[in-house]
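Student: Take a look at this one; I'll ask things after.
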Amino acid sequence: MQIRSGRSLTPSSLDALDNSIIDILRTNGRTTNQDIAKQLSITAATVSARLQKMEDARAMRVVAVTDFAALGYNVIIAVGVKVQARSVQAVGHDLAKFPEVLSVNIMNGRHDIELLVALHDFSEVQQFLYDHIGSIAGVAQIDAGIAVDIAKYEFNVAPL
Amino acid sequence: MKRPDLDDLDRQLIAILAQDARVSNRKIAVDLGVNEGTVRGRIKRLQQDGLIAFTALTGLKLDKATNIAFIAIQADVAQVRQIARDIAHIPMVKSVMITLGPFNIMATCLYDDLDSFHGVTSGHILALTGVYHIETSLAVRTVKFSNRVVRITDTRTDGVG
């Protein structure tokens, strides 16, 4: 039963119309059903039904996203972490608990873990890197790349 | 990057819209006990100032591109900003930062298969004038992933369509 419901909306069951609706909402998530209907030459009721279907299937959500600046995040740092004498997974879970850590990825390359960290200002950098991240058991070494400019940062996917 | 003047009402508005951006102005106005015109005006101002945007998120598993790779780039300092902009135009590339450190650009890429990722790195990024060296690494597991914080720029629509 669960497997069936879990598979009720596979990528192939999002048809061209669903994807056209998603494309419009990616650009402006508050486009009205009437406007979407007009752009795609369908009825507003169809738009409403498709949106309901996709939301029920947890295939899509329309949300507000916030700029780093709106949250007062002025310092963004990419941190590569090398782990020793502890499971990488366990270290990753500990690092994920910090609200300043926006993402945690376990990697196969030079670093065992890549973090993206957002801080309010430079005075917090030293404390956060050495006292907070450095204090997690298993963190052996960190390499930080401090962002001086963000040319692009947008992810339109989410674990729903 | 300055801290903008957001008041409590702005923050409450953002919190509601972060859950569901398709809530009507009328419902938000009722929930927050303000009038509809205030809600409309606030949303408009936040959008115009580039502080919030409304977008559709699709499920990671349903999206074809579910694999995350990191690309660290060493590029000519004099051209680094132009190179970062060029890389930002590649649709599969989702973030580009100019950084201080051993690499001066860090990018992330969502890819479907290794062939298309190779196309981005070798075919596209390494082919740019001024790019000297790149190192790639692949995420084998994502522990935490926040997509609600973004950089709102006018390149937003480039990846669409």
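The values are calculated or read from the model by the stated rules, or taken from the named source; none is laboratory data. On a predicted model such as this, the values are computed, not experimentally measured, just so you know. Using ideal geometry, Cβ is built from the backbone for each residue, glycine included, and neighbour counts are taken over all protein chains shown. These accessible areas exclude ligands, DNA and RNA; they are computed on the full protein's heavy atoms, side chains included. Shrake-Rupley method; radii C 1.70, N 1.55, O 1.52, S 1.80 Å.
Student: Can you tell me which residue within the range A:114-141, out of those that are aromatic (Phe, Trp, Tyr) and touching a residue at least 24 places away in the same chain (Cβ under 8 Å), is most open to solvent (accessible area, probe 1.4 Å)?
Tutor: Within the range A:114-141, the match that is most open to solvent (accessible area, probe 1.4 Å) is A:122.
Student: Ok, one more. Out of the range B:92-123, which residues are at pLDDT 90 or above and under 19 Å from residue B:148 (Cα atoms)?
Tutor: Passing the criteria: B:92, B:93, B:94, B:95, B:96, B:97, B:107, B:108, B:109.
Student: Suppose we keep only residues that are among the charged types (D, E, K, R) and facing another protein chain (nearest Cβ under 7 Å) within the range A:106-122. Which one would you say is nearest to residue A:144 (Cα to Cα)?
Tutor: Applying the filter and picking the extreme gives A:114.
Student: Assuming residue B:123 fulfils every condition listed in (1) open to solvent by 20 Å² or more (accessible area, probe 1.4 Å); (2) out of contact with any Phe, Trp or Tyr (no Cβ under 9 Å at 6 or more places or on another chain); (3) within 12 Å of chain A (Cβ to nearest Cβ) apart from one, which condition is it?
Tutor: (3)
Student: Further question: Got a number for residues in the range A:71-101 being free of Cβ contacts under 8 Å to residues at least 40 places away in the same chain and open to solvent by less than 10 Å² (accessible area, probe 1.4 Å)?
Tutor: Residues meeting the conditions: 2.
Student: Ok, one more. Which of (1) assigned to a loop (DSSP other than H, G, I, E, B); (2) within 29 Å of residue B:86 (Cβ to Cβ) does residue A:99 not meet, given it meets every other one?
Tutor: Answer for residue A:99: the failing condition is (2).
Student: Quick one: would you say residue B:74 is surrounded by 14 or more Cβ atoms within 10 Å (Cβ to Cβ) and under 16 Å from the mean Cα position of the chain (by Cα)?
Tutor: no
Student: OK, next. May I ask you to say which residue of B:83, B:68 is at pLDDT 95 or above and closer than 27 Å to residue A:118 by Cα? Break it down stepwise before answering.
Tutor: On the way: B:68 fails: at pLDDT 95 or above.
That would be B:83, the only listed residue that is at pLDDT 95 or above and closer than 27 Å to residue A:118 by Cα.
Student: Could you look through the range B:89-124, keep only residues that are in a loop (DSSP other than H, G, I, E, B) and in contact with a Gly (Cβ under 7 Å, 6 or more places away or on another chain), and pick out the one that is nearest to residue B:71 (Cα to Cα)?
Tutor: B:103
Student: Let me ask you something else. Considering only the range A:42-67, how many residues are more than 8 Å from every other protein chain (Cβ to nearest Cβ) and part of a helix (DSSP H, G or I)? Don't jump to the end; show me each part of the working.
Tutor: Start the filter on the range A:42-67 by keeping residues that are more than 8 Å from every other protein chain (Cβ to nearest Cβ), which leaves A:42-50, A:52-57.
Right, trim to part of a helix (DSSP H, G or I) and you get A:44-50, A:52-56.
Going through the range A:42-67 one residue at a time, the tally reaches 12.
Student: Sort out which residues of the range B:93-120 are among the hydrophobic types (A, V, I, L, M, F, W, C) and open to solvent by less than 50 Å² (accessible area, probe 1.4 Å), and write them in order of number.
Tutor: The answer is B:93, B:96, B:97, B:98, B:103, B:105, B:106, B:107, B:109, B:110, B:117, B:120.
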